[in-house]
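To keep things clear, I will list the structure first and then write my remarks on it.
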Amino acid sequence: MEKVSLIIRNVNVFNSYLKKFIPADVSILDGRFYYIDRKKDSELSADEEFDADGMYMIPGFVNIHMHIESSMLTPAPYGRCLAQCGVTTVVSEPHEMANVRGIRGILEMISAAEDTPVDIYYGIPSSVPSTNSRLETAGAAIDCEAMKHLLEEKDVVCVGERLKMKSKGYPFP
């Protein structure tokens, strides 16, 4: 018999594919969902059990592209606001921060997100400066070497919207 950390019994789990709640028992192992038992006949054992008595469980929301600095907040208070709305994870592209402070600004944002109740990951801004030196004066530039450095950060997970912007016909240097 397998052992999990927690079994939440008699909970109505929202199935986002079917767009409805389904009665189930939910098993958690090491802080992660392990098994959703719709038949409620699993032979798992648990360190702890909780009877939800028909309560509802919904997945956390994920925002895959956003700009924290556009909110005029730092990552910690922004994360607290997100958590109150059911958001559990965001991927922030600190484009504006990078235009002003470059790699240092991005690293400072990553550091400022350490004590948030949500998971904040980062995309590398792909076009810093956003246009070219004839059209703007940027405080920094993100080139291939800077991208390589940023990819070594554990919370950096992707490159930002280069293809999306290019397809819209934005001018690049």
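Annotations
- Checking each residue of the stretch 54-72 against the condition of being outside any strand (DSSP E or B), buried (at least 18 other Cβ atoms within 10 Å of the Cβ) and of a type in the set (S, T, N, Q) gives no match.
- Flag for residue 27 being surrounded by 12 or more Cβ atoms within 10 Å (Cβ to Cβ) and polar (S, T, N, Q): yes
- Here residue 24 fulfils each of the conditions (1) at pLDDT 95 or above; (2) within 30 Å of residue 109 (Cα to Cα); (3) aliphatic (A, V, I, L, M) apart from (2).
- Residue check for residue 68: among the aliphatic types (A, V, I, L, M) and outside the structural domain of residue 123 (by TED's automatic domain parsing): no
- In the stretch 104-128, the residues that are not assigned by TED's automatic domain parsing to the domain that holds residue 91 and modelled with pLDDT of 95 or more form no Cβ pair under 6 Å with any partner that is surrounded by 20 or more Cβ atoms within 10 Å (Cβ to Cβ) and not hydroxyl-bearing (Ser, Thr, Tyr), whether six or more places apart or across chains.
- Of all residue pairs spaced 6 or more apart or on separate chains, those with beta-carbon atoms under 9 Å, a first member in the stretch 15-32 that is farther than 18 Å from residue 60 by Cβ and touching a residue at least 12 places away in the same chain (Cβ under 8 Å) and a second member that is of a type in the set (S, T, N, Q) and in a loop (DSSP other than H, G, I, E, B) are 25/42.
- Among the residues of the stretch 24-53, those identified as more than 27 Å from the chain's Cα centre (by Cα), part of a strand (DSSP E or B) and within 10 Å of residue 9 (Cβ to Cβ) are 46, 49, 50, 51.
- Subset of the stretch 78-119 [within 17 Å of residue 65 (Cα to Cα) and part of a loop (DSSP other than H, G, I, E, B)]: 85, 86, 93, 94, 113, 118
- Lone qualifier among 98, 52, 46 - being touching a Pro at 6+ places or on another chain (Cβ under 8 Å) and touching a residue at least 24 places away in the same chain (Cβ under 8 Å): 98
The values are calculated or read from the model by the stated rules, or taken from the named source; none is laboratory data. Computed from a predicted structure; not experimentally measured. For neighbour counting, all protein chains shown are included, and Cβ atoms are generated from backbone atoms with ideal geometry for every residue, glycine included.
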